[in-house]
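Structure, as C-alpha cells:
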Amino acid sequence: MALVGTILGSLGLITALIITLAFSSFMAGFDSTQAKAPDSSTSASETPDAEAPAITEEPTAVPPPAPAAPDLSTFAPTDERTFALIAKDPDAYIGTNLIVFGSITQLDSATGRCNMLVSAGAAQTEFSYDYGQNTLATSGDGESDCPIFDPLVEGDHVKMWVTILGSYSYDTQIGGNTTVPLFEVLQAELLPAQEY
C-alpha cells in the first residue's frame, strides 16, 4: 500500500509540474501578443501604421430656397372661350398663369380671411352680373397670412393675376355641393366700382 501511494503521489507531482510549465509558457506567449497590439487608449496619431479614421461631420441642414415668384409680366388675359374651357375642366389647366377679372361675392368669416368667392370672367365687364363663372380664390398661406387680400372686401371689383390650382368642391349655403375653379391670387388690383 505504501509503494502504491508513493508511485501515485510521484505521478501526480509530475503531472502538476507539466501542467504548470505548459500554463506558464502559454501565458508568456499571450503577454507577448498583447504587447504588440496597440493600446485602445492610444490615438491614431500615436500608432504610425494605423490608418487615421475618416472624420465625418453631421451635415448642416440647409433650408430649401424659397420658390421664385412668377414673373407677373408673363401673365396675360385670355379669351372667353378659353376661360369657359378652364371652367369646364380646371384640372386640365393646373399651373396656368393668367389675368382674370371679377366681382368678390363672399369674403367673410365663413370663407376665412385668405379665401374668397369671386364671380369671374376673362374680360372686364360693366355690370357685376355679367361675370358668369363662380370661382374660389386663395392667397398667402390660405389661412391667416395673405396681405394681398387685406384691402379687399365683399363687392369689390378686381383684376387678379392668378395661377390655376385645379378644381375645388364645397358645400353651398343652401345645402348643395358645387365644384369651381380654384385660383391662387398673386396680385390683385381694385377696379372702379360696378353698377349691379
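The values are calculated or read from the model by the stated rules, or taken from the named source; none is laboratory data. This one's a predicted model, so the numbers in the text were calculated from it and none came from an experiment. Quick reminder, even Gly has a Cβ in these numbers, built from the backbone with ideal geometry, and neighbours come from all protein chains shown. Remember, those area values only see protein heavy atoms, side chains included, never the ligands or the DNA or RNA. Shrake-Rupley method; radii C 1.70, N 1.55, O 1.52, S 1.80 Å.
From the list PHE101, PHE83, PHE75, which residue is in contact with a Lys or Arg (Cβ under 6 Å, 6 or more places away or on another chain), modelled with pLDDT of 60 or more and open to solvent by less than 60 Å² (accessible area, probe 1.4 Å)?
Just one listed residue meets the conditions, PHE101.
Exactly one residue out of VAL153, VAL158 is in contact with a Gly (Cβ under 7 Å, 6 or more places away or on another chain), at pLDDT 90 or above and closer than 17 Å to GLU189 by Cβ, and it is VAL158.
If only residues of segment 104-119 that are open to solvent by less than 50 Å² (accessible area, probe 1.4 Å) and outside any loop (DSSP other than H, G, I, E, B) are counted, the one that is farthest from ILE164 (Cα to Cα) is GLN106. Annotation for segment 163-173: at least one member residue is out of contact with any Ser or Thr (no Cβ under 9 Å at 6 or more places or on another chain) and open to solvent by 30 Å² or more (accessible area, probe 1.4 Å). Whenever a residue of segment 120-140 is more than 14 Å from THR78 (Cα to Cα) and part of a helix (DSSP H, G or I), its partners that are open to solvent by less than 50 Å² (accessible area, probe 1.4 Å) and of a type in the set (Ser, Thr, Tyr), lying with C-beta atoms within less than 7 angstrom and at least six residues away or across chains, give the pairs SER128/SER103; SER128/SER119. Scanning segment 161-192 for residues that are part of a loop (DSSP other than H, G, I, E, B) and in contact with a strand residue (DSSP E or B) (Cβ under 6 Å, 6 or more places away or on another chain) yields THR172, LEU191. Checked against (1) crowded, with 19+ Cβ neighbours inside 10 Å; (2) part of a loop (DSSP other than H, G, I, E, B), VAL158 meets all criteria but (2).
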